[in-house]
Amino acid sequence: MGGALGSWIGMKMYRHKTKNMTFVVGVPALFFFNVVSVLLCSKVFAIVEYRA
């Protein structure tokens, strides 16, 4: 997890794949999905840990 952030930063710094709409839209969407996944997993594991 977290590879989307590095890809996004590299895309912006080196202007790599910036004209391909699949990457321009897809990489930030993957970053958003990563953040949401981490937040949801942390809440789920906190609930499981609390119950145990």
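Please treat every number below as a calculation from the coordinates, not as lab data. These figures come from a predicted structure and were not determined experimentally. In this analysis, Cβ positions are derived from the backbone assuming ideal geometry, glycine residues included, and neighbour counts consider all displayed protein chains.
The ellipsoid that matches the Cα gyration tensor of the range 3-51 has semi-axes, each √(5λ) in whole angstrom, of 32, 10, 4, with the longest given first. By other beta-carbon atoms within 10 Å, ranking Lys12, Lys19 with the fewest at the front produces Lys19, Lys12. As a calculated quantity, the FRET efficiency between Phe45 and Leu5 at R0 = 30 Å, using C-beta atoms, amounts to about 0.90. Karplus-based coupling profile of the range 16-26, in residue order and whole Hz: 9, 6, 7, 9, 8, 4, 4, 7, 4, 8, x, with θ = phi - 60° in 6.51 cos²θ - 1.76 cosθ + 1.60 and x standing for Gly or Pro. What's the local net charge at Val24, with K and R +1, D and E -1, over the other residues with C-beta under 14 Å away? For residues surrounding Val24, the net value is +4.
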